Amino acid sequence: AEAAERLGLSAAEAFRRLDRGDKGSLSAEDLRAAVRDVLGSDEALSALGLSSTDRMVLADFEQSVDFRFDVFEKSMPVLFCDSSCITEDVFRTHLGEHGVSEKTAHVWLQLMYPAGIPASHIERSFCETFLATTPSISLSRPRSMPRSSIDLRALARTRFELTDCAWLSRAQAASLLSERWSPGTVDEVLELVGSTSVFYRRSPSSDSGGDLRMETLLSCTEDFVEHVLEVRLRSVHGLASMSADRKELPPEVFLRYQCHGTGYVAETMAAGASLDLSATHIFGLSGEDRLSSLFDGVVEALSVQLWVATPEGAKRLQALAGLPSAELQDFLAAGAAASQRPEALLGTQRTFQLKLCPPHGETSAGDGRLEVSLLYSTRSPRDPSGLPLPWTSSFAGRLVVC
């Protein structure tokens, strides 16, 4: 639940990503793989309290990752009054009367009492500790947002006398939306648009002093398209040339990966020359927007840092690699041009060889190179009535930290 919240996923979106093979349910192995990917530990099914025949449908999953504790916290004085413990039936019945499902209550009790509730009584101190140490998380279904047929570009030009309405001020954007949405919804959308707009470089010729990008705003008010960029770090070569004596491999090699436009940094460990890290970035854009615009004026679209372990147990930055934005933009343009061909239905793919360069101020990083493959595709949104922001990223493989 915490990992899904960090990635901005709803419960339904998290469920779909965990459902390997699109079965419509989560098997015990799906849940085991999720624990391995998030926590990095491969636990036996029995250690997770699962059997090989267990299945979980979406409704059960949504209730299992429901950690909204507002009702629980407000109920504490009524639940216990002057008592130090209550029966399990009282606990379940009271929460059920206030909208907490039987499944959700069961999950909370399992977390409070992994070995089982002693003598069928629930202690106040256990509940207080649970609420104090467990973060409140809500992975509800994405908000349904009304779409508009109004041309906001034309309305902005007329209302604010702009020749170029590529960027708007917050007040201007609020003026356009306030006639259709409640103040709370307007504030929420503008906050998301503002935090996404910072990734774009403004044109010097823009005649607006605003900091909200119009196309990003339109992705929230009109039909949008999901642009999917899948990045895989495949292999690294020339590691021996990076060691001190240029003969032996560095003892431990770590790679840190980041894509412009996302707020995530993923780290993986190299096992010899082979790498096992893939990233999937989903950008919800308006129908007329282009993903390549995100990389205008940016030197590197993707960046990778190579770190090696020192004898003292620390890490030292050894080399840098990056995919120039111009090269990624050419790749995206080729994908857009080929999108109408039948063979391009699954996306456009290309492999890049990135040179490992020394950090600033150093003379040589050896002759290493990093092999990266990209797959780009577009698709209709999984939830067309939801918000396309914030953009989401997910990672798989030998993930050290995210």
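For the reader, a short list of remarks on this structure follows.
- Cross-link reach list, aspartates and glutamates versus LYS74, counting only Cα pairs under 19 Å and skipping chain neighbours closer than eight places: ASP66, ASP82, GLU88, ASP89, GLU97, GLU102, GLU123, GLU128
- Full extension of the chain segment joining ILE137 with ALA59 gains 26.4 nm, where the gain is 0.36 nm per residue of separation less the Cα-Cα distance.
- Each residue was assigned an accessible area with a 1.4 Å probe, and for ARG157 the value is about 100 Å².
- Theoretical FRET efficiency, 1/(1+(r/R0)^6), r = Cβ-Cβ of ASP187 and HIS360, R0 35 Å, to 0.05: 0.25
- Extension gain for CYS81-LYS315 works out to 78.9 nm (0.36 nm per residue, less the C-alpha to C-alpha distance).
- Pairwise label distance in nanometres, ARG350 with GLU88, each label 7 Å out on the Cα-Cβ vector: 6.0 nm
- Computed with a 1.4 Å probe over protein heavy atoms only, the accessible area of ILE150 comes to about 80 Å².
The values are calculated or read from the model by the stated rules, or taken from the named source; none is laboratory data. As the structure is a prediction and not an experimental result, all values here were calculated from the model. All Cβ positions, even for glycine, are placed from backbone atoms using ideal geometry, and neighbour counts span all protein chains on display. To get the accessible areas, we keep the full protein, side chains included, count just its heavy atoms, and leave off ligands, DNA and RNA. Shrake-Rupley method; radii C 1.70, N 1.55, O 1.52, S 1.80 Å.
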